[in-house]
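Report on one structure; see the data block that follows.
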Amino acid sequence: MKKLLYLAVTILLLLLSACQNNEKASPEKKELPPAENQKENTDGKEIAKDEYEELKKAPELPQTVKEISSYPSGPFANKNFKENKEEITARLDKLPKLKEDANQEVLDAYWRTLVSLFAKDYKDPTYLFEKMKVNSFGNPDIKDPRYQFKDHLNVEIILDSSGSMAEKIGGKSRMELAKEAITKFAASLPKNANVALRVYGFKGSGSDSDKQMSCSSNELLYSFAPYEESKLKNSLNKFEPKGWTPVAASLQKAKEDLSAYPEENNTNIVYLVSDGIETCDGDPVTAAKELKESNVAPIVNVIGFDVDAAGQKQLQAVAEAADGLYANVTDQSELQNEFNNAKEIAEKWETWKIKSNTEASGTNLHRTYDIFALDSDWSKKSLEEDVNILNALLYMRDEKEVLTGENYRYISNKEHERRRMIIRLKNEFAKDLHNINDLTYEEMKKQIEEKYKQNSGN
């Protein structure tokens, strides 16, 4: 019995020893860190995975006309690569180097990031409707009472004088360009039309301590009256860009300014020129809606002067709330063109005012011109965008060597595909617009809105 017990203990000890030896021979299991926290070596430069993750946050690229026109323009949308190479490459240099075997997800994220930097501001085809209203001003086909002939014409310009208006465009500040455009526009108005100038944000500075003072600097510096060169010049010389941006308050004040000119016998037009979003805690969208629903019912034109994506989004919402027109401009010429909308109305109003029997003609010709202008706008911007992106890719491949030849070919092919898509969509909507050019405004509006205000394949 003792021998059996001894044998059993011996076998048990041998089994335990074998198990221990087996565990020592096996490698110790360790938890691997999350993939996003791992690092890869790229020619001596370690790139954290989360840099790629940041790239992957770039917005999905648009595929329809509506999506393309709604996609925010990039910070380098209006900068030529060769002329602004130092500024642009400083941003490109922050992008991580791609490994030769980078997968498609990473390459597509890289591609989306590049487009977000250079994307142009493509005008929405529905932008033509307000242009058509301008061209058809006084035509009974336009049911909107704001576009019918009235006894008086009043135009109020609201100008942003916040600190960012001091930024330069082609050697001149945004403010200088705006003042010149306003002077030229006011001088073009009929002698018996009234013009007014309201300016905000021209006191204090952009500091928090000056916020209250700056936000309250919102004054009608040229009261409603026919254009007088010296008087307007003096008004424009009273301020320089300095402070904050009370967009909402300026729209509320404009409603008060126009209160003496009710819609029944007044055609009222308001221009809001701003280079940024509301910064004085107001609600500009609500203020715009209240202005639209007031008894002065103005035609509202909102102009974003070289604004960023956030500014574009808010100012577009302001224009929509006022049932008005939004346009993003990047230079004085484009700003002047937007003022010309009111100039066309003024010219037709003046003709009607002097009792001319000449019928307003050439509506279809105007429409055709506007369609060609929109077509040309898309073509020009698509080409400029394409050239900038390809130059950026060449720089990253040849000078910085952060793209391999294979990665370069993949992304450049994506760029070629994008340009072909934009041109194809542009050709399609131009054809659609030409085909319905003979319809009435309301019929044309209905057809185009049905097609382009939906997230369809166009």
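The values are calculated or read from the model by the stated rules, or taken from the named source; none is laboratory data. Because the structure is predicted, anything quoted here is derived from the model rather than measured. Glycine gets a Cβ as well: all are built from the backbone with ideal geometry, and neighbour counts include every protein chain shown.
Brief remarks on what is shown
- Count of residues meeting criterion [touching a residue at least 40 places away in the same chain (Cβ under 8 Å), outside any helix (DSSP H, G or I) and β-branched (Val, Ile, Thr)] in segment 295-326: 2
- The number of residues in segment 202-238 being over 28 Å from THR286 (Cα atoms) and not acidic (Asp, Glu) comes to 12.
- Flag for GLU240 being modelled with pLDDT under 95 and in a helix (DSSP H, G or I): no
- Set GLU156, GLU176: member being part of a helix (DSSP H, G or I) and acidic (Asp, Glu): GLU176
- In segment 237-268, the residues that are under 28 Å from PHE137 (Cβ atoms) and touching a Lys or Arg at 6+ places or on another chain (Cβ under 9 Å): SER250, LYS253, ALA254, ASP257, GLU263, GLU264, ASN265, ASN266, THR267, ASN268
- When PHE149 is tested against (1) on the phi < 0 side of the Ramachandran plot; (2) buried (at least 17 other Cβ atoms within 10 Å of the Cβ), only condition (2) is not met.
- Cross-chain or 6+ apart pairs with Cβ under 6 Å, segment 175-193 first and closer than 20 Å to SER223 by Cβ, then surrounded by fewer than 17 Cβ atoms within 10 Å (Cβ to Cβ) and of a type in the set (Asp, Glu): PRO190/GLU350
- Failed item, numbered, when GLU176 is tested on (1) assigned by TED's automatic domain parsing to the domain that holds SER250; (2) surrounded by 19 or more Cβ atoms within 10 Å (Cβ to Cβ); (3) of a type in the set (Asp, Glu); (4) within 26 Å of PHE76 (Cα to Cα): (2)
- Residue in segment 182-197 that is over 22 Å from the mean Cα position of the chain (by Cα), polar (S, T, N, Q) and in a loop (DSSP other than H, G, I, E, B) present: yes
- Look at segment 385-411: where a residue is in the same structural domain as PHE76 (by TED's automatic domain parsing) and a partner is surrounded by fewer than 22 Cβ atoms within 10 Å (Cβ to Cβ) and small (Gly, Ala, Ser), sitting 6+ places away or on another chain with Cβ atoms under 6 Å, you get LEU393/SER412.
- With respect to the stated conditions, LYS292 fails to be touching a residue at least 40 places away in the same chain (Cβ under 8 Å) and not in a loop (DSSP other than H, G, I, E, B).
- Candidates in segment 419-446 are the residues that are at pLDDT 85 or above and out of contact with any Asp or Glu (no Cβ under 9 Å at 6 or more places or on another chain); of these, the one that is farthest from ASP141 (Cα to Cα) is ARG420.
Here's the yes/no breakdown for (1) among the hydrophobic types (A, V, I, L, M, F, W, C); (2) within 18 Å of ARG419 (Cβ to Cβ):
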| position | (1), (2) |
| --- | --- |
| ALA58 | yes, no |
| THR89 | no, no |
| LEU95 | yes, no |
| LYS123 | no, yes |
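- Across segment 78-136, the qualifying residues are those that are aromatic (Phe, Trp, Tyr) and part of a loop (DSSP other than H, G, I, E, B), and the one among them that is nearest to ASN388 (Cα to Cα) is PHE81.
- So GLU415, is it closer than 30 Å to LEU98 by Cβ, loosely packed, with under 13 Cβ neighbours inside 10 Å and at pLDDT 90 or above: no
- Summed over segment 243-289, the residues that are of a type outside the set (Val, Ile, Thr) and in a helix (DSSP H, G or I) give a count of 20.
- Taking segment 193-208 as the range and being surrounded by fewer than 17 Cβ atoms within 10 Å (Cβ to Cβ) and either touching an Asp or Glu at 6+ places or on another chain (Cβ under 8 Å) or not assigned by TED's automatic domain parsing to the domain that holds ALA260 (or both) as the test, no residue passes.
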